[in-house]
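Structure first, commentary second.
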Amino acid sequence: MDEWIEVLAELRRRGEPCVLVTLVDELGSTPRNRGTKMLVTAERAVNTIGGGHLEFQALAIAREMLQQGEATLRLERFPLAARLGQCCGGTTSVLFEPLIPPRPQIALFGAGHVGRALVNILATLPCRVRWVDGRAAEFPAAIPPGVQQEICDEPLEIVDAMPPGSYFIVMTHDHALDLALAERILRRGDVGYFGLIGSLTKRKRFEYKLGQRGISEQAIAAMRCPLGLPDVKGKLPAEIAVAVAGEIIACYGRG
């Protein structure tokens with residue numbers, strides 16, 4: 001079955017991360033022969049390496065790699081009877097191969113004028129965007145391709161659900177919500193980028209309040225506020241969006 005080849009080509013076109021799982025060795029009775037492949041994404045699996053507990057474990061490993069953003073090969077040996085209780089009783093080795101580097105995962109909080117201008121740029125970049133706001137009416141009728149709309153009254157839960165290394169952009173209509181999001185993001189300690197819209201005055205106010213809540217000076221120093229490339233001037237939504245997008249590109253470009 002070569003369906004996985006066609007799916008892989010489509011994933012490459014979209015820039016979607018996946019793991020190619022291959023049986024690279026076999027000893028004794030095994031459910032599939034050496035060379036059998038299965039392609040795994042966050043939502044689906046294409047082809048099979050034999051089903052049963054072996055495939056269940058392989059899917060779990062592959063999806064953990066995707067969740068953690070692992071980019072290196074991984075080889076696992078499975079004694080089928082001893083480790084997995086499968087009746088075939090042989091031993092197989094499985095290679096897990098991340099084929100497409102994971103794109104930056106971005107959570108954008110706020111669907112105001114700047115948020116709408118920014119999301120149109122982010123949608124053209126090699127990144128995955130969750131666009132979050134509790135006000136359904138603020139979103140445009142057409143959401144850009146590749147952007148996941150989140151009409152959410154509990155945005156802090158989105159912060160918790162993002163994988164390690166994620167990028168966070170906060171530009172909501174509510175300073176109290178901005179502060180709550182900033183605190184939750186900084187407490188993670190594993191973000192790739194955190195930008196908060198606002199002036200130097202807002203930054204000073206937030207530094208004081210975050211410090212009162214136990215956030216360290218070192219953690220606060222990683223917060224970009226004002227956000228965006230400083231050489232890109234202007235206060236129009238499109239100008240701010242270009243400055244922020246440029247900073248995002250510079251950030252993931254260093255990786």
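Ordering 24, 227, 8 by the projection of their Cα atoms onto the charge dipole of the chain, which places +1 on the Cβ of Lys and Arg and -1 on the Cβ of Asp and Glu, puts 227 at the extreme positive end. Name the helices (complete DSSP H segments) of the chain with a Cα length along the long axis of 15 Å or more and a Kyte-Doolittle mean of at least -1.0, or state none. Span-like helices, by this rule, are 3-14, 52-68, 175-188, 237-253. Solvent-accessible surface of the chain, taken per residue with a 1.4 Å probe and all protein chains present: 51 Å². Candidate cross-link partners of residue 235 among the lysines, defined by an alpha-carbon separation under 22 Å and a same-chain spacing of 8 or more, comprise 202, 204. Annotation: amide H of residue 107 within the under-5 Å range of 130, 167, 168, 169, sequence separation 5 or more or interchain, hydrogens built in the peptide plane. With the charge dipole of segment 133-255 set up from +1 on Lys and Arg Cβ and -1 on Asp and Glu Cβ about the Cα centre, the Cα lying farthest toward the positive end among the listed residues 252, 141, 151 is that of 252.
The length gained by stretching the chain between residue 238 and residue 64 to full extension, at 0.36 nm per residue less their Cα-Cα distance, is 58.9 nm. Would you please state which residues of segment 116-156 a label at residue 71 would reach in this model, taking the label point 7 Å out along Cα→Cβ and a backbone N cut-off of under 19 Å? From segment 116-156, the list is 125-129. Taken along the Cα-to-beta-carbon direction at a fixed 7 Å, the label points for residue 48 and residue 184 span 4.1 nm. Ligands, DNA and RNA aside, residue 201 has an accessible area near 90 Å² when probed at 1.4 Å. Dipole size of the chain about its Cα centre, with +1 on Lys/Arg Cβ and -1 on Asp/Glu Cβ: approximately 600 debye, rounded to the nearest 20.
Here segment 196-247 and segment 154-171 have alpha carbon centers that stand 16 Å from each other.
With contacts taken as Cα pairs under 8 Å at a separation of at least 6 residues, the chain carries a relative contact order of 14 percent. Taken about its Cα centre, segment 77-218 carries a charge dipole of about 320 debye when Lys and Arg each add +1 at the Cβ and Asp and Glu each add -1 at the Cβ.
Taking 16 Å as the straight-line reach from the Cα of residue 37, the aspartates and glutamates in range (excluding those fewer than 8 positions away in the same chain) are 2, 3, 6, 25, 26, 55, 76, 97.
The values are calculated or read from the model by the stated rules, or taken from the named source; none is laboratory data. Keep in mind the model is a prediction, meaning the values are calculated, not measured. When we count neighbours, we look across all protein chains shown, and the Cβ atoms used for this are built from the backbone with ideal geometry, even at glycine. For the accessible areas, the whole protein counts, side chains as well, though only heavy atoms, and no ligand, DNA or RNA atoms are used. Shrake-Rupley method; radii C 1.70, N 1.55, O 1.52, S 1.80 Å.
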